[in-house]
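What follows is one structure encoded as structure tokens, with my remarks underneath.
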Amino acid sequence: MAASTSQHALVSAKSLCAGPSFETRTSKVGFVSVRRCCLGARKLGLVCASNSQSSVMEPAQLPLSPQSGSTPKKSSESALILIRHGESLWNEKNLFTGCVDVPLTPKGVDEAIEAGKRICNIPVDVIYTSSLIRAQMTAMLAMMQHRRKKVPIVVHSESEQSHRWSKIYSEETKKQSIPVITAWQLNERMYGELQGLNKQETADRFGKEQVHEWRRSYDIPPPNGESLEMCAERAVAYFKDQIVPQLVAGKHVMIAAHGNSLRSIIMHLDKLTSQEVISLELSTGIPMLYIFKEGKFIRRGSPAGPSEAGVYAYTRSLAQYRQKLDNMFQ
Ligand SMILES: O=C(O)[C@@H](CO)OP(=O)(O)O
């Protein structure tokens with residue numbers, strides 16, 4: 001079932017994204033049970049709401065925003081990479097995690113490194129992560145693999161002092177950096193009174209159906225926690241207000257986040273219904289690539305590793321970027 005539905009996703013996408021350079025492997029897509037894909041043709045709200053982060057960020061360090069008076073590169077396309085964090089210590093123990101701030105396991109570290117190899121030829125100008133360490137570790141470990149070798153630097157916006165104390169005084173050094181913006185809105189959905197409980201024991205105690213309803217219904221929250229709908233409300237609002245303006249400005253964006261905050265964003269990008277999104281499962285550490293062009297999101301599948309044979313999700317401009325890296329680093 002996973003293979004056939006993933007295949008469906010790719011076929012759907014392929015019909016919209018013409019060209020031979022498309023991911024042909026279906027097993028590594030990281031999605032299962034999605035019936036409708038690559039339909040991100042919805043006009044997005046491109047108005048940038050007030051940006052608490054940008055008020056404390058270095059203009060030279062920052063991606064341009066429409067509010068800054070820069071001219072968006074209208075004809076350009078931007079890459080959007082989504083990565084669910086690698087396995088965490090509580091994934092390994094089968095515990096409900098939610099907003100508890102748990103680090104990666106060694107396997108999760110490896111997954112993040114592998115994810116990085118898969119995106120090492122795709123441009124990244126700005127990184128968004130949740131405020132949770134497992135997403136931040138994933139973003140940093142993945143970027144260590146990037147061929148461009150820019151340094152990801154966490155933007156500290158918690159106070160005027162933290163902004164001032166983390167200032168960089170070299171324009172050249174700034175150019176060789178990638179801002180990493182952390183946002184609680186991208187956090188995993190808050191799992192309420194299930195946080196820290198064992199998933200199997202909870203199913204034994206409350207019944208499989210009840211626990212499945214808490215885990216995979218769209219609008220039924222776990223006790224004192226967030227439903228997927230509630231999580232989507234804050235994650236998608238953040239995506240539209242803060243991240244879309246970067247894409248409109250021609251910036252290439254990576255988001256490292258969580259199963260449910262990313263499902264929310266994918267629901268928005270692929271226009272999935274609430275029925276469709278509940279059967280969408282994301283693998284840990286598998287990057288997903290979208291192209292943002294002329295106000296539309298086009299799903300390009302999951303990039304393959306650089307040493308793997310075969311074609312994948314490149315567009316012409318991504319292929320040119322890869323060529324540039326080949327020229328720079330060979
Ligand atoms: O425990 C959690 O926070 C999440 C993600 O690992 O679990 P679920 O699979 O139920 O969404």
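Values in this text are rule-based calculations from the coordinates and carry no lab data. For clarity, every value in this text was computed on a predicted model and none was experimentally measured. Cβ placement follows ideal geometry from the backbone for every residue including glycine, while neighbour counts extend to all protein chains displayed.
Observations, loosely collected:
- For the pair ALA203 and ASP219, the difference between a 0.36 nm per residue extended length and the Cα-Cα distance amounts to 3.8 nm.
- Computed extension gain for LYS167 through ALA237, at 0.36 nm per residue and net of the alpha carbon distance, reaches 22.3 nm.
- Built amide H within the under 5 Å cut-off of SER88, gap 5+: THR105
- Karplus (6.51, -1.76, 1.60) ³J(HN,Hα), θ = phi - 60°, over the stretch 262-275, in Hz, Gly and Pro reported as x: 6, 4, 4, 5, 5, 4, 5, 5, 9, 6, 6, 7, 5, 6
- Around TYR128: net Lys/Arg minus Asp/Glu count, Cβ-Cβ under 14 Å: +2
- Cα gyration tensor, the stretch 75-170 - rounded (a/c under 1.5), prolate or oblate: oblate
- Our summary gives the stretch 105-230 a relative contact order of 23 percent, counting only alpha carbon pairs under 8 angstrom and 6 or more residues apart.
- Straight-line cross-link reach from LYS150 at under 13 Å between alpha-carbon atoms covers these aspartates and glutamates, not counting any fewer than eight positions away in the same chain: ASP125, GLU172.
- Sum of side-chain charges, GLN323 neighbourhood, beta-carbon under 14 Å (Lys, Arg +1; Asp, Glu -1): +4
- Cβ-based exposure ranking for ILE81, ILE220, in which fewest neighbours within 10 Å come first: ILE220, ILE81
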